[in-house]
Every structure is written in C-alpha cells, then in structure tokens.
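A.B. asks: Below: one structure in structure tokens.
The values are calculated or read from the model by the stated rules, or taken from the named source; none is laboratory data. Note that the coordinates shown come from a computational prediction; the quantities given were computed from them, not determined experimentally. Cβ placement follows ideal geometry from the backbone for every residue including glycine, while neighbour counts extend to all protein chains displayed. The accessibility values were calculated without ligands, DNA or RNA, using every heavy atom of the protein model including side chains. Shrake-Rupley method; radii C 1.70, N 1.55, O 1.52, S 1.80 Å.
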Amino acid sequence: MTQMKDAKKGIITEEMKFIAEMEGIKAEELRKNVAKGYTVIFRNLVHDWVKPVAVGRGVRVKINANIGTSRDIVNVEEEIEKAKIAVKYGADTIMDLSTGGDLDKIRKKIMRAVDVPIGSVPIYQAAEEMLVKGKAIIEMSEDDMWNAVEKHFKDGIDYATIHVGVTKEVVEKMKRTTRVVGMVSRGGTFLAAWILHWEKENPFYKDYDYLLELAKEYDVVLSLGDGLRPGGLPDAGDELQMSELYTLGRLVRRAREFGVQTMVEGPGHVPIDQIPMQIKIAKVATDNVPFYVLGPLVTDIFPGYDHIAGAIGGAIAALNGADFLCYVTPAEHLGLPTKEHVRLGVIATKLAAHAINLTRFREEYYKDYLMSLARGSLDWEKQFELAMDKDRFEEIRENRPTSTEACSMCGDLCAIRLITDMIRKN
C-alpha cells in the first residue's frame, strides 16, 4: 500500500499520525489532502529509519538542500558534513546529486548520516556510468535508465526527480524556439540529447505506467522534473516551459489513478512580478499538486549572492502557493558549494519559508512574538535561545567593540533602554 492508497481507503497511517503531531494539525485533514494528491509524504517503504516529512496543502512550507560530489571533486566525508550542516540549520530534506565517485556507496552513506528524507536524480547515475565506461551519455540504453531508477528506489530514496515531461514533441519545439539561455537542466538535457540522437520517445514518458508501478512498489514520491525551466529571466514563461508544465499536469492525474504520490518542479529564473502568475498557473495546470521550486531567482546579475535572490523569490512563490523550496547557495552558477555556502543557502531559504509559515501557523508566529518580547526587554540570553543561527548571533555579539548592554550600534543612545528608563522614573 502507498500513503495515497491508504488515504483513499480512509486509513490514517502511522506516518500521517506522526506528521499531524509534528505539524500541529488534524490527522484526518492530512489524510484527505494525501488522498486527493494535494499533499505528499516522503518515506520510502525500505527507508525505515527516516522521519517522514509532508509537503503540500495544510502543512508548513518545507525546504530542501542539494549536496553531492562532482566528477572533479569526490570527497564523500565533505558531502556528509554538508548534509549534517544542512539539517542542523533547518533543511527538511536532502537531495544527493552526486556525479563522481562510487555513486552507490555515496548515496548509502549520505542516507545513513541523516534522518531526513533523501531525494535523487537517477538519470545522473545512468549518465555517469556511461562516462566511466568511456562512452558518450547519449549511448545510454533504455535499460540503463530504468536500472538506475530501480536501484535508487530499492536503496530507499524517498523522492526522485524524473524528467518525464521532456518529450519528443517538446524537443521538436526546441528546434523552432529561440531561448536566451537554452536548456539548463542536467537531467532534462541528457534526455533531450538522447531523444535527438536516437529519434525516439523519452522512455520515462513512453513507459510512464511502468514508472508508476515501480514508484508504487516502494511508495516513492515522483518529483516530475522541469527539464525546460527557464535558466535566465528572459526565458521565463515561454512556450517550452508552459508546454512541459501542461504535460506534467496530465501525468499527475495519471499517477493519482495509480495511487502514486507526485509533485511538480518549477522555475528557475523568474522576474519578481511574474512569480505570482507562474505559481497560480502551475497550480491550475497540475490540479493543486505540491509545487517544488528552485528559488525562483529574481535577478541574474548577482553571482555570489544567488542565495539571497533565491530567498526573495522563494518567499513570494510560497506566499502564492509554492509548497517546497529548494535552496540556492552563493556558489550557484560558480562552482561546487562549500560547507559555509551550504549553511548560508539553508538559512536564507529557511528564512523565506518561515516568513510564510508564521502567517499560517500560530506556533510559528509565537516564536517571533517571544523574540520581540526579548528584544523589548534587552534579554540577550532569551534572544540567543530563540535565534535560528545561534553561531552567527554569538559571533557578532562577542566581537562587539563595547561591553554595553545594548548593541554597539546604539550604545548609550539605545532607544529601548532610554524610553524604558524614562517610563520607570515617571
């Protein structure tokens, strides 16, 4: 049984009970949303040590952190440290996007290092195995692709990005469509190149029902990838992006017939004024499936600060209905992120998610209320206790060039202390 099939039968699973308690919501409401496909639960049936996480309607906006080796840098322990750092600072899930080294061992080590759900992109492994053999990526066989998917599912991956919407039809449209940036999705590009070379249909689209059967066997959430997401602001909302989106909406409805949980991935790079429209179109096109966005980034000219551009876009996207935010680090577009980049990316994205969650959940708002009280009374100990990034809080406080009770910016001119003292005297 999958979570969706149980939910449709009126069964409240142990995972639903756990999530309902963690979220502070009614288990029955969660069950209804899972049954409709409006909410998904990450927990592969064989990943029995993971704490299940829900994404979608009626639950908090969640965030994901990407980690993983590259062909140039294979340091597994470093990636494990990044995963732990990401979880420490608030990542709800981790995606292993490794493309270098022993991918099977790396994936299993990362899964054992943290207790949050793990996502992956199986086509990366199929492509990497071609390169290891000295072959071109386009020489992948259909069996190579399916074997990678099944391997990841068997290992316990909780959700997997599959670029089902990169069809032969949309690849033909690419030939007639001018884009400024082109195609930036790695997995989507692998499949597009394969389609062009072999002049065949995307195997994941052609045999979609087989993919659904595999996902159902392990209760893996299918994250339907946006292979044609805009990689630059000028490409946002173009024919290719929208064509893929409506294909994914149709595939979501097919998955629901099978009782398979799905979510849909979204852009990308989007001008700030277009974000509300894009999210609402996506929600309509996919019948309110959980929507997973990368950013979106609201500007292209701040490399090194893309975590901020992504957090701005993420907050606006979540305000308008996005359910799951993938972090962006300062290293985006520049290189493999360091541990510090991971920390900064997670914190920026967590901030964006929390800004929306506090408007929906009393418990989230109450945290900010307590911080306001602590600031109003200059209670630095309480402020430290409530701070999301305690290390940063302590670093700044300890490096002040003064020992005043107030912060060193105001010192003896502290507005809070001055008015408090005057009220006490009078």
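A.B. asks: Scan segment 216-227 for residues that are more than 21 Å from residue 282 (Cβ to Cβ) and open to solvent by less than 20 Å² (accessible area, probe 1.4 Å) and report the count.
C.D. replies: Step one: of segment 216-227, the residues more than 21 Å from residue 282 (Cβ to Cβ) are 216-220.
Okay, now just the ones that are also open to solvent by less than 20 Å² (accessible area, probe 1.4 Å), so 219-220.
Matching residues across segment 216-227 total 2.
A.B. asks: Here is a follow-up. Pull up segment 300-357, narrow it to residues that are over 26 Å from residue 289 (Cβ atoms) and under 14 Å from the mean Cα position of the chain (by Cα), then point me to the one that is most open to solvent (accessible area, probe 1.4 Å).
C.D. replies: 347
A.B. asks: Mind checking which residues of segment 188-206 are crowded, with 22+ Cβ neighbours inside 10 Å, within 11 Å of residue 227 (Cβ to Cβ) and not hydrophobic (A, V, I, L, M, F, W, C)?
C.D. replies: 188, 202
A.B. asks: For segment 118-149, give me each residue that is out of contact with any helix residue (DSSP H, G or I) (no Cβ under 6 Å at 6 or more places or on another chain) and touching a residue at least 12 places away in the same chain (Cβ under 8 Å). Before you say what the answer is, go through the steps one by one.
C.D. replies: The first filter runs over segment 118-149 and keeps only residues out of contact with any helix residue (DSSP H, G or I) (no Cβ under 6 Å at 6 or more places or on another chain), leaving 119, 124, 128-129, 131-136, 141, 143, 146-147.
Hits for segment 118-149 are 119, 124, 128, 129, 131, 146, 147.
A.B. asks: Within segment 58-81, restricting attention to residues that are within 30 Å of residue 359 (Cα to Cα) and more than 14 Å from the chain's Cα centre (by Cα), which residue is surrounded by the most Cβ atoms within 10 Å (Cβ to Cβ)?
C.D. replies: Per the criteria, the residue is 59.
A.B. asks: Show me the helices (runs of 4 or more DSSP H) found entirely inside segment 189-266 where at least 1 residues are among the polar types (S, T, N, Q). Talk me through it step by step, then tell me what you get.
C.D. replies: Details: elements: 203-206, 208-218, 239-258.
Qualifying helices (runs of 4 or more DSSP H): 239-258.
A.B. asks: Let me ask another. Which is assigned to a helix (DSSP H, G or I) and touching a Leu at 6+ places or on another chain (Cβ under 7 Å), of 344, 351, 370? I'd like the intermediate steps shown before the answer.
C.D. replies: On the way: 344 fails: touching a Leu at 6+ places or on another chain (Cβ under 7 Å); 351 fails: touching a Leu at 6+ places or on another chain (Cβ under 7 Å).
370 is the lone residue from the list that is assigned to a helix (DSSP H, G or I) and touching a Leu at 6+ places or on another chain (Cβ under 7 Å).
A.B. asks: Would you pick out the residues in segment 44-57 that are touching a residue at least 40 places away in the same chain (Cβ under 8 Å) and open to solvent by less than 40 Å² (accessible area, probe 1.4 Å)?
C.D. replies: Residues satisfying the conditions are 44, 47, 50, 52, 53, 55, 56.
A.B. asks: I'm checking my understanding of the structure. Among residues of segment 388-404 that are in a loop (DSSP other than H, G, I, E, B) and in contact (Cβ under 8 Å) with a residue 12 or more places away in the chain, which one is surrounded by the fewest Cβ atoms within 10 Å (Cβ to Cβ)?
C.D. replies: Going residue by residue through segment 388-404, those that are in a loop (DSSP other than H, G, I, E, B) are 388-389, 399-404.
In the following step, the residues that additionally are in contact (Cβ under 8 Å) with a residue 12 or more places away in the chain were identified as 388-389.
Details: 388: 15, 389: 17.
So, considering only residues that are in a loop (DSSP other than H, G, I, E, B) and in contact (Cβ under 8 Å) with a residue 12 or more places away in the chain, the one surrounded by the fewest Cβ atoms within 10 Å (Cβ to Cβ) is 388.
A.B. asks: Now, a different point. Out of everything in segment 84-117 that is open to solvent by 20 Å² or more (accessible area, probe 1.4 Å) and basic (Lys, Arg), what residue ends up being farthest from the chain's Cα centre (by Cα)?
C.D. replies: 105
A.B. asks: I'm checking my understanding of the structure. Among residues of segment 167-191 that are more than 23 Å from the chain's Cα centre (by Cα) and of a type in the set (A, V, I, L, M, F, W, C), which one is nearest to residue 140 (Cα to Cα)? Don't jump to the end; show me each part of the working.
C.D. replies: Here is the first cut: in segment 167-191, the ones more than 23 Å from the chain's Cα centre (by Cα) are 167-180.
Among the residues that remain, those that are also of a type in the set (A, V, I, L, M, F, W, C) are: 170-171, 174, 180.
Numbers: 170: 20, 171: 18, 174: 22, 180: 29 Å.
Looking at the filtered set, the residue picked out is 171.
A.B. asks: Is it the case that residue 20 is open to solvent by less than 20 Å² (accessible area, probe 1.4 Å), touching a Ser or Thr at 6+ places or on another chain (Cβ under 6 Å), at negative phi and among the small types (Gly, Ala, Ser)?
C.D. replies: Details: open to solvent by less than 20 Å² (accessible area, probe 1.4 Å): yes; touching a Ser or Thr at 6+ places or on another chain (Cβ under 6 Å): no; at negative phi: yes; among the small types (Gly, Ala, Ser): yes.
Considered against the rule, which asks whether it is open to solvent by less than 20 Å² (accessible area, probe 1.4 Å), touching a Ser or Thr at 6+ places or on another chain (Cβ under 6 Å), at negative phi and among the small types (Gly, Ala, Ser), residue 20 comes out as no.
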